[in-house]
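Throughout, read-outs are computed from the coordinates displayed, never taken from laboratory work. Computed from a predicted structure; not experimentally measured. Cβ placement follows ideal geometry from the backbone for every residue including glycine, while neighbour counts extend to all protein chains displayed.
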Amino acid sequence: MITMTFAEIAEITGGRLVNAAETVTVTGPVEYDSRKVGPGGLFVAFAGEKVDGHDFAAAVVEAGAAGVLGTRDTGAPGVVVADPLAALAALARVVVSRLDKLTVVGLTGSSGKTTTKDYIGQLLGRLGPTVAPAGSLNNELGFPYTVLQATTETRFLVLEMGARGIGHIRYLTEIAQPRIGVVLNVGAAHIGEFGSVEGTALAKGELVEALPSSGVAILNADDPLVSAMASRTSAAVVAVGEDSSAALRATEVAVDSTGRASYQLVSGDKSGNVRLAVAGRHQVANTLAAAAVALAAGMDFDELTAALGEVGIVSGRRMDVFDRPDGVRVIDDSYNANPSSTAAALRALAAMGEGRRTTAVLGYMAELGEFEVSGHAEVGRLAAELGVDRLIAVAGNARPILDGAAGFTGWPGTAYLAADQDAAIEILKEDLRADDVVLVKGSRYRTWDVADWLRRSEEVQPT
């Protein structure tokens, strides 16, 4: 965070200064995890159901923190406020307003947000100091927390925006207004909250509505619900995709045996070869969006085509492909799941598993509402269509995945219903072979143990 006195923080947040002189200065980062607070930093204490951050106030100050922002006087220097979350938002607004050389980039979408954010951060990092932290910091806590990592040296601030209802993205844009906005796609993620993909589009489009007329809206030309958002912004619109209407376009797309895509990047009369180092055909769309941001920020086209081939995975459990010493290839995409992202991961499995035995370990996909059964059945059917050899659904609420696969006539694969992750691991133990390709995919935490076991285990049967 930029340097601020406690007096300033109290005034900005509407809080009360306690146990400290007004001139005491916060010079370090803002953190809500007491283990991460550094010298001169500000610790934000939240009172949770199981853990109360205020209990760690003395320890963080002893470790060098300047003080504590919380809802009660802990005896430590700091500021007492009514609502720490609102206080973080207020601080973030002021930080952005004081950084006049900062370009704010916002992005949203039903899938691919974090991965694309990571790519944007890597590209913009070539142009100047960039804040784009790993992970999905895209809600009312993670968003201002990310903003507060910006300093006077920061040139680019890349912000991921999530939503579970109308008005959520609008609220985030009021904390930090983007100049460049990206909408990746509109799918079934959180459809249980939105009620329909049209409702999802209405919410996601709040990002482009918030852009200034001097800004840039980057929209997916291959998604009709996204491309239609052009009418909702006064900013310049850059369409990206494989459609012929896209201003920044990928042509001649090909995927090799490792699942990595290559394509011709075309912009006006310029074109260049791109070969990605990350797996999955869906990375074409993600890297196109990141490329458009880089061009809008001033990157040279030729430099961009070379840089796209060097971007990699930053945030964990997102298309993290690794080969074990025994020859088993694992695709750990277990961070989260919805029908669209699971379909993309299954296609990557099929591409990487050509000529090899493939296994998909698929967990429950949350927040699908009335589409829960059909959404799971849809990915099961796709797995069968793609010829996945073994399909393991984790936990009973994922059973419709197997029903969908069984409904595809002629699928020769084998289906298993694992009661939990331990049971899924036992299934793998019994018949995991060298040269297998295994995908692990599921909503948060529901398949992480499986992925972790695959990473550390070398127990396989001979081929």
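What fraction of the Cα pairs in region 1-133, stated in percent, has a spacing above 28 angstrom?
26 percent
Rounded to the nearest 500, what is the 222 nm mean residue ellipticity of the chain from helices alone, with -39500 (n - 2.57) per DSSP H run of 4+ residues and division by all residues? All intermediate terms of the calculation are to be shown ahead of the outcome.
Values: 17 runs with 153 residues, N = 463.
Helix contribution divided over all residues of the chain: -9500 deg cm²/dmol.
How big is the charge dipole of region 332-396 about its Cα centre, in debye rounded to the nearest 20, if each Lys and Arg gets +1 on its Cβ and each Asp and Glu gets -1 on its Cβ?
Around 300 debye, computed over region 332-396.
Give or take rounding to whole Å, what are the principal axis extents of the alpha carbon atoms in region 73-153, in descending order?
Per principal axis, max minus min of the Cα coordinates gives 44, 30, 19 Å.
Volume per residue, Å³, of the convex hull around the alpha-carbon atoms of the chain?
Spelled out: Cα convex hull of the chain, divided by residues, is 151 Å³.
By how many degrees, 0 to 90 and rounded to 10, does the Cα axis of helix 283-296 deviate from the longest principal axis of the chain?
Rounded to the nearest ten degrees, it is 30.
Regarding region 129-232, what are the three Cα extents along the principal axes, ordered largest first, in Å?
Extents along the principal axes, in whole Å: 41, 29, 21.
Please report the relative contact order for the chain, taking Cα pairs under 8 Å with a sequence separation of at least 6, and give it as a percent rounded to a whole number.
11 percent
I'd like the projected area of region 99-308, averaged over all directions, using the convex hull of its alpha carbons. Report it in nm² with one decimal.
10.9 nm²
Which of the GluC sites (Glu not before Pro) found in region 395-463 are in a DSSP loop and have at most 16 neighbouring Cβ atoms, other than their own, within 10 Å?
Those satisfying the criteria are E458, E459.
Could you work out the relative contact order of region 71-214? I mean the mean sequence separation of Cα pairs under 8 Å and 6+ apart, divided by the number of residues, in percent.
Relative contact order for region 71-214 comes out at 29 percent.
Just name one of A395, H376, T152: the one whose Cα is farthest towards the positive end of the charge dipole of the chain (beta-carbon charges, Lys/Arg +1, Asp/Glu -1).
Sorting the options by dipole projection puts first T152.
Could you tell me how many degrees, from 0 to 90 and to the nearest 10, lie between the Cα long axis of helix 113-124 and the main elongation axis, the longest principal axis, of the Cα atoms of the chain?
Taking the Cα atoms of the chain, the angle to 113-124 is about 70 degrees.
How long are the semi-axes of the equivalent ellipsoid of region 320-456, taking √(5λ) for every eigenvalue λ of the Cα gyration tensor, in whole Å from largest down?
Its equivalent ellipsoid spans semi-axes of 21, 16, 13 Å.
How big is D, in µm² s⁻¹, for region 192-250 by Stokes-Einstein at 4 °C and 1.567 mPa s if Rh is the Kirkwood radius over C-alpha pairs?
109 µm²/s
So for region 1-111: antiparallel DSSP bridges make up what percent, rounded to the nearest 5?
Once the DSSP bridges in region 1-111 are tallied, antiparallel ones form about 45 percent.
Under a straight-distance cross-link criterion of Cα-Cα below 15 Å, which aspartates and glutamates are reachable from K204, leaving out those fewer than 8 residues away in the same chain?
E160, E174, E193, D223
Select from region 139-188 those GluC sites (Glu not before Pro) which occupy a DSSP coil region and have at most 13 other Cβ atoms within 10 Å, ordered by residue number.
Passing sites in region 139-188 are E153.
Over the Cα atoms of region 4-82, what radius of gyration and what Dmax do you get, in Å?
Looking at region 4-82, its Cα Rg and Dmax stand at 11.1, 35 Å.
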